[in-house]
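Asker: Below you'll find the structure I mean.
The values are calculated or read from the model by the stated rules, or taken from the named source; none is laboratory data. None of the values given here were measured: they were computed from a predicted structure. Virtual Cβ from ideal backbone geometry, glycine too; neighbours counted across all protein chains shown. Just the protein is used for accessible areas: all its heavy atoms, side chains included, with ligands, DNA and RNA removed. Shrake-Rupley method; radii C 1.70, N 1.55, O 1.52, S 1.80 Å.
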Amino acid sequence: MPTITAEWDRSLISVLRSPGLERALVRVTRAAGGDAIRAARVASSRRVRERKSIRVSRVSRALVLSYPRSARSLDDLVWIERVSSAMTPIAGLPKRQTRRGVNFSINKGKRSLIPGAFVQKMRSGHVGVFHRTGEKIGLKGGRRPFTELFSSRVIDVFRDDGMPATVLSRAQSVFAATFSRLLPLEIAKAK
């Protein structure tokens, strides 16, 4: 699963690193980092949905966030946004069954046709778009086996030029705003 990593220069706050202020800096940085990673996820989701017709819930499941578990020092703080490379089932996209097959939309404003495909609800309740494969079975030409069809992935949008930079710039601006807002409050508590 590919990741987007944002590094920051800890030497910029070395002036503030004193024994009394270390815990305050960790609290402020932890809060700012949490806000920044959530803003990165929102920006990522928005950008994916601008390009693809994937549901919000599927995009949210494809963007997995990791927060720091313990925060004893600034070096322990790491936030990660992982982007899933799982294929999107065509059944999860805007689709329409026609006599010729299944007409669906993966990219905004563009529709595609899969000839011979069909929408089927399985006994388990799973709805999928399927296509028959292989040779006919039996003497009288019985049913052929079928497979579920999949389409694009969320990570494909991250390969576009400027996508990671846009997400990182949004995260950095939110981090800076939260850090500058919370730092005076935490320093006042530490005194």
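Asker: Identify all residues within region 109-121 that are touching a strand residue (DSSP E or B) at 6+ places or on another chain (Cβ under 7 Å) and either outside any strand (DSSP E or B) or among the β-branched types (Val, Ile, Thr) (or both); write none if there are none.
Answerer: 111, 114, 116, 117, 119
Asker: I'm trying to understand the selection: among the residues of region 157-191, which are among the hydroxyl-bearing types (Ser, Thr, Tyr) and either surrounded by 12 or more Cβ atoms within 10 Å (Cβ to Cβ) or touching a helix residue (DSSP H, G or I) at 6+ places or on another chain (Cβ under 6 Å) (or both)?
Answerer: Scanning region 157-191 gives 166, 169, 173, 178.
Asker: If residue 78 satisfies all but one of (1) touching a helix residue (DSSP H, G or I) at 6+ places or on another chain (Cβ under 8 Å); (2) assigned to a loop (DSSP other than H, G, I, E, B); (3) over 30 Å from residue 151 (Cα atoms), what's the number of the condition it fails?
Answerer: Against the list (1) touching a helix residue (DSSP H, G or I) at 6+ places or on another chain (Cβ under 8 Å); (2) assigned to a loop (DSSP other than H, G, I, E, B); (3) over 30 Å from residue 151 (Cα atoms), residue 78 comes up short only on (1).
Asker: I'd like to verify a number: residues in region 93-105 that are without any contact (Cβ under 8 Å) to a residue 40 or more places away in the chain, in contact with a strand residue (DSSP E or B) (Cβ under 9 Å, 6 or more places away or on another chain) and not in a strand (DSSP E or B), how many?
Answerer: Count: 2.
Asker: Do you know which residues across region 153-182 are in contact (Cβ under 8 Å) with a residue 24 or more places away in the chain and outside any helix (DSSP H, G or I)?
Answerer: 153, 154, 160
Asker: Out of 143, 153, 170, I need the residue that is at pLDDT 90 or above and among the charged types (D, E, K, R). Which one?
Answerer: 170
Asker: When region 81-91 is examined, which residues are found to be part of a strand (DSSP E or B) and either under 22 Å from residue 172 (Cα atoms) or out of contact with any Ser or Thr (no Cβ under 9 Å at 6 or more places or on another chain) (or both)?
Answerer: Across region 81-91, the qualifying residues are 81, 82, 83.
Asker: For region 37-68, enumerate the residues that are open to solvent by less than 30 Å² (accessible area, probe 1.4 Å) and in a helix (DSSP H, G or I).
Answerer: Those that are open to solvent by less than 30 Å² (accessible area, probe 1.4 Å) and in a helix (DSSP H, G or I): 37, 39, 40, 43, 44, 45, 48, 59, 62.
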